[in-house]
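The values are calculated or read from the model by the stated rules, or taken from the named source; none is laboratory data. Note that the structure is predicted; figures quoted are calculated from it, not measured. When we count neighbours, we look across all protein chains shown, and the Cβ atoms used for this are built from the backbone with ideal geometry, even at glycine. Only protein heavy atoms, including side chains, enter the accessible area calculation; ligands, DNA and RNA are left aside. Shrake-Rupley method; radii C 1.70, N 1.55, O 1.52, S 1.80 Å.
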Amino acid sequence: MIYDVAIIGAGASGGSVAYQLSHYDVKAILLEKCCDASFGVSKANSGIVHGGFHHPTTSLKAKLEVESIPKFDALQAELHFPFERCGIIVCAYSGEELEVCRKLYNQGIANGISNLKWCSREEMLALEPKLNARITGGFLAPDGGVIEPYSYVQKLVESASRNGIDCGFDFKVVKGSFADGVWTLTDDTGKEVKARYVVNAAGLYADEVSRNCGAEEFTISPRKGEEYLLDRNSPAKPEHVVFPVPTKHSKGVLVIPTVGGTTMIGPTADVVEDKTDDFTTADNFSRILKLVDPMISGISARDVINSFSGLRPVILEQEDFYIAPSEKVANFIQAAGIQSPGLTASPAVGEYITSLLEKSGLALTRKTAPRITLEKPIESRKLSAEELAEIHDSNPGATDWVCRCEKISEAEIVEAVRHGHTTLDGVKFYTRSGMGRCQGGFCSARILRIISRESGIPMAELTKRGGNSYLLAGKLGDLEVKGN
């Protein structure tokens, strides 16, 4: 088969392109080196829908971010991912910082965000009483919000798949060649995929994909951000996303009320060389605590339940997105350097890349048949006792709690597996199981049993995130697994 389009990378950008193309009568395939969607850059970010004021009007970042901000309500209604417009506040704690705030505010107005609200000290404290009393002022961006990035990407990809886009997971592109109007993409096992057009949305590895396909030479320099997750009972949880004034290379260390009910602090912004460096350090934890403690009350190291880091795919020579047709090879669209606000901008990124494909010669005809829609997922924790009692007889798994910290039922785990998520992380991202106080300490063994039962995968072959990340061998209580 020769596809019309091959998209490399099943993150927010690639998933959005696949979602957009699924509205048209084209044959496309989404290729991903991992075993599931959103296992790369997109899974490890701050989960914010930004407010459209951080980037200059002339930048592609600002254009696509501002276009995307209003799109999330309709996308959520269609795809059923967790999202909430809780608003963003930017806080100044000195006269100098207040001047920077005013510049950001004016930049947001220039970008077309008309409902920003400039706030006095008293108005800021009224909005967010947990702010440090020494605050001097700031502004509110009411359209900003929080989102579960992994769920969002999973739903984009699932919708695309149900509406005609093929998915090729565990496909790491190591070579691309173009001849007679057709690209041949080869993975590290020798498998090939042929397509007339290629979209390079490979995140941290977009530079390697570009080079392997004979396209532009550029370098992705990972900018590492460490973040720390506080228990949902932390008294520090604010009502809004709390931003400081930004630094030269970062939007600063934030306090984020996640859409799942926990609180996140971070991130750092340090350039590293290793694209697999996902470690967190005690030094950076102390550094983040020192930065957020003067911003908001209630921050405590005792409330930390997990730490993680994400790597932003930065092209140092340009801070803007690199989205353009290749000037070296034909029918090849670059979508590289998609760092913050890449998640926020992703709906418009998908539209923009689809328009570039059309301008490059791809024929796009909108489908006339109705779209196959996604069902609203089971969310047992949101049902009342009466509602749970009503559905117990028809679906007893909906009342059987597997993850007690996050109140995730067996029915939700089963649903995740039946939607194609057969790793511990894949199920975690789909359901939130294992994201609570115990971080999977009590529920992981049972989740693995359910995955094996529903998928038919032997227990010894189950993994955390695919590849060689096997989880079980030996005996733990009544659970015994013989390894390979």
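Remarks
- Options (i) 43; (ii) 48; (iii) 52 - which one matches percent of Cα pairs over 30 Å apart as calculated here: (ii)
- Per residue, the accessible area of the chain comes to 42 Å², computed with a 1.4 Å probe over protein heavy atoms only.
- Cα Rg, Dmax, segment 213-301, angstrom units: 15.4, 53
- Spatially proximal lysines relative to K63 (Cα-Cα < 22 Å; intrachain offsets below 8 disregarded): K71, K103, K117, K248, K251, K359
- Pairs of Cα atoms nearer than 8 Å and 6+ residues apart set the relative contact order; for segment 389-460 it is 28 percent.
- Length-normalised contact order of the chain in % [C-alpha pairs under 8 Å, at least 6 apart]: 19 percent
- Heavy-atom surface analysis with a 1.4 Å probe gives the chain a carbon and sulfur content of 51 percent of its accessible area.
- Over the chain: helical MRE at 222 nm, DSSP H runs n ≥ 4 each giving -39500 (n - 2.57), nearest 500: -8500 deg cm²/dmol
- Cysteines in the chain lacking any other cysteine Cβ under 4.7 Å from their own Cβ: C34, C35, C86, C91, C101, C119, C167, C213, C405, C438.
- Protection proxy ranking of 381-392, 340-351, 301-312, by the mean of other Cβ atoms within 10 Å over each peptide's residues and highest first, is 340-351, 301-312, 381-392.
- Net charge dipole, segment 168-238: roughly 200 debye, given to the nearest 20, about the Cα centre with Cβ charges of +1 for Lys and Arg and -1 for Asp and Glu.
- Mean projection of the Cα convex hull over all viewing directions, computed for segment 1-124: 10.5 nm².
- DSSP assigns beta bridges within the chain; of those with both partners inside it, close to 75 percent run antiparallel.
- Highest-first packing order for the peptide set 282-294, 210-222 is 210-222, 282-294, based on the mean count of other beta carbon atoms within 10 Å.
- Ranking S159, C213, W401 by Cα position along the charge dipole of the chain, where only Lys, Arg, Asp and Glu carry charges on their C-beta atoms, puts W401 farthest toward the positive end.
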